[in-house]
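Working notes, structure below.
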Amino acid sequence: HLIFKGTRKRKTWHILSRIENVGGELNAYTTKEETVIYASFLSPYYERTFELFADVAFNSVFPEKEVEKEKEVIIDEINSYNDSPAELIYDDFEELVFEGHPLGRNILGNAKKVKRYSREDIVRFLKSHYSTRNMVIASVGEIDFSKLVKLVEKYFEAFSESENHTARAPFQRYFPTKKAVKKES
């Protein structure tokens, strides 16, 4: 959610209100393999939304104060998550199945590592992973496909494909295993 905390031309409030002021909703989430920025809005606001998507995806500034706040939010999520054995079992399972592979890592990480991340780490990660080369733009709604393509070209063409494209490592080493954990709960 740090991408919504300011860009080179917008403050947080301007980002959030850009879609909400016309009755829409803007949000994002991250999985182990993707970051999704999405919005629900009325069809007359396609251009407004695409311009905003391009801005937050490629021009976010990640103010240091907001980075520190978000670290605390993530650490709270980690602590809450660790108190829920019903949720932890999924990460334990993936850690066993995908041992030694990025898919085996907990998406939240751990509090110690989260505290160490800096604004520069975030910017470096985005420069090496966020690019039009590995971006998918999907739309469901009332818009002519050729108009959709023109909007994508208009707002995303200026952002070059990253030369630092990181290929996904295929997982190839599954070995059946067992693990038993007793927890006080």
| Ignoring ligands, DNA and RNA, what percent of the accessible area of the chain is carbon or sulfur (1.4 Å)? | 52
| note | Of all GluC sites (Glu not before Pro) in the range 1-86, the ones in DSSP coil with at most 12 other Cβ atoms within 10 Å are 33, 34
| Spin-label model distance (nm) - residue 42 vs residue 116, 7 Å beyond Cα toward Cβ | 5.0
| query | How high is the relative contact order of the chain, given as a whole-number percent (alpha carbon pairs under 8 Å, six or more residues apart)? | reply | 21
| Between the helical axis of 85-97 and the dominant principal axis of the chain, each derived from Cα atoms, what acute angle in degrees is found, rounded to the nearest 10? | 90
| Against the longest principal axis of the chain, how steep is helix 64-82, in degrees 0 to 90 to the nearest 10, with axes from Cα atoms? | 40
| note | For the range 47-61, Karplus-derived ³J(HN,Hα) couplings (6.51, -1.76, 1.60; θ = phi - 60°; whole Hz; x for glycine and proline) come out as 4, 4, 6, 5, 4, 5, 4, 4, 4, 6, 6, 10, 10, 5, 9
| request: Work out the P(r) tail for the range 73-185: percent of alpha carbon pairs separated by more than 24 Å, whole number. | output: 53
| field | Accessible area in the full protein assembly, largest first, 1.4 Å probe, for 35, 7 | value | 35, 7
| query | Label-point separation (nm) for residue 145 and residue 97, each offset 7 Å from Cα along Cα-to-Cβ? | reply | 3.4
| request: Report, ordered by chain and residue number, the aspartates and glutamates lying within cross-link reach of residue 65, taken as a straight Cα distance under 18 Å and ignoring same-chain residues fewer than 8 apart. | output: 76, 120, 121
| field | Accessible area expressed per residue, the range 1-119, with surrounding protein chains retained (probe 1.4 Å, Å²) | value | 61
| remark: Links exceeding 31 Å between C-alpha atoms in this model, out of 32/182; 112/183; 69/154, come to 69/154
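The values are calculated or read from the model by the stated rules, or taken from the named source; none is laboratory data. Note that the structure is a prediction, hence the values are computed from the model and not measured. Don't worry about glycine lacking a Cβ; one is built from the backbone with ideal geometry, like all the others, and counts go over all protein chains shown. Protein only, heavy atoms only, side chains kept; ligands, DNA and RNA dropped before computing areas. Shrake-Rupley method; radii C 1.70, N 1.55, O 1.52, S 1.80 Å.
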